[in-house]
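Just below is one structure, and these are the notes that go with it.
The values are calculated or read from the model by the stated rules, or taken from the named source; none is laboratory data. Owing to the predicted nature of the structure, the values given are computational and were not obtained by experimental measurement. Cβ placement follows ideal geometry from the backbone for every residue including glycine, while neighbour counts extend to all protein chains displayed. Just the protein is used for accessible areas: all its heavy atoms, side chains included, with ligands, DNA and RNA removed. Shrake-Rupley method; radii C 1.70, N 1.55, O 1.52, S 1.80 Å.
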Amino acid sequence: MQLTEVEQTKLNQVRLDQSWKDGLASFLLSSQMDQLKAFLIEEKNANKLIYPPSSLIFNALDITPLYNVKVVILGQDPYHGPDQAHGLSFSVQKGLALPPSLRNIFHELNTDLAVPVSKHGDLTKWAQQGVLLLNSVLTVEAGQPTSHQKRGWENFTDQVIDVLNERREHIVFILWGAYAQKKGQRIDQTKHLVLKAAHPSPLAANRGGFFGCKAFSKTNNYLKQHGIEPIDWQLDA
């Protein structure tokens, strides 16, 4: 994509890992992105508290550059409680109680690979190894779940998936729940592995379809089959 000087200057102002800037340039320079930024500015000017903090909105993309991605775990939108969200799907910062969905994820991981259940919910170690912990919507108003849906983030994260789908191969896409599975319909399953199961939230997981899905062992087996270093799912204390 050949950029004008004005476009390049605009792109340089985006605080985002360079590999993703290059991959997502057309969207970042679009009117859709302008509208999304205007919405966020409007919310902040109205003194609304937005999670995660501005510096962490693109945390998943910054920790896991485009060409490092091995796995995508797709979430819906950030946690809306104080200090929980830090830009990684399903993850919470150290020192906070584990949300129910994450407790179920850890339980399944323990059953699947005998990985000890972590006392904290910070999944940064996974992200550093190539697990893109991507929410469909990257911001939320405090105490107002799903409040930033249909404001443009879904189109942005569709582009993230499209770039991975087109430019990479042998990525494992873990899609838990109907929402993630619908969003993942665009993935080319001749190039990538798509793993589907029920959502890990207690209501969905307890109805069946999440526990026993073995997403973690299936992921590592697939990576190894294609000569890719598997994920060490065990978190540090």
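Where residues in the stretch 155-193 are β-branched (Val, Ile, Thr) and open to solvent by less than 20 Å² (accessible area, probe 1.4 Å), which of them is nearest to Leu133 (Cα to Cα)?
So in the stretch 155-193, the residues β-branched (Val, Ile, Thr) come out as 157, 160-161, 163, 171-172, 174, 187, 190.
From the residues that got through so far, the ones that are open to solvent by less than 20 Å² (accessible area, probe 1.4 Å) too are 157, 160-161, 163, 171-172, 174, 187.
Values: Thr157: 12, Val160: 12, Ile161: 12, Val163: 16, Ile171: 13, Val172: 12, Ile174: 10, Ile187: 17 Å.
Ranking the qualifying residues of the stretch 155-193, first place goes to Ile174.
Tell me, which residue of the stretch 8-19 that is loosely packed, with under 15 Cβ neighbours inside 10 Å and outside any loop (DSSP other than H, G, I, E, B) is modelled with the highest pLDDT? Going through the qualifying residues, I end up with Gln18.
The C-beta contact set for the stretch 10-24 (first residue under 11 Å from Tyr67 (Cβ atoms), second residue at pLDDT 90 or above and of a type in the set (A, V, I, L, M), distance under 7 angstrom, 6+ apart or interchain) comprises Asp17/Leu61; Ser19/Leu66; Trp20/Leu61; Trp20/Leu66; Gly23/Leu66; Gly23/Val163. If you go through the stretch 194-234 and keep only what is within 17 Å of Gln129 (Cβ to Cβ), open to solvent by 50 Å² or more (accessible area, probe 1.4 Å) and in a loop (DSSP other than H, G, I, E, B), you end up with His226, Gly227, Glu229, Asp232, Gln234.
Can you report the number of residues in the stretch 108-127 which are part of a helix (DSSP H, G or I), among the β-branched types (Val, Ile, Thr) and open to solvent by less than 50 Å² (accessible area, probe 1.4 Å)?
Here is the first cut: in the stretch 108-127, the residues part of a helix (DSSP H, G or I) are 108-113, 124-127.
Restricting the remaining residues to those that are among the β-branched types (Val, Ile, Thr) gives 111, 124.
Cutting the leftovers down to open to solvent by less than 50 Å² (accessible area, probe 1.4 Å) gives us 124.
Residues that pass the stated criteria total 1.
Out of the stretch 20-53, which residues are hydrophobic (A, V, I, L, M, F, W, C), assigned to a loop (DSSP other than H, G, I, E, B) and either over 25 Å from Leu164 (Cα atoms) or open to solvent by 60 Å² or more (accessible area, probe 1.4 Å) (or both)?
Ala46, Leu49, listed by residue number.
Scanning the stretch 78-107 for residues that are assigned to a helix (DSSP H, G or I) and in contact with a Pro (Cβ under 7 Å, 6 or more places away or on another chain) yields Pro100, Ser101, Asn104, Ile105.
Selection of the stretch 162-190 for residues being within 22 Å of Asp22 (Cα to Cα) and either among the hydroxyl-bearing types (Ser, Thr, Tyr) or without any contact (Cβ under 8 Å) to a residue 40 or more places away in the chain (or both) yields Asp162, Asn165, Glu166, Glu169, Arg186, Ile187, Asp188.
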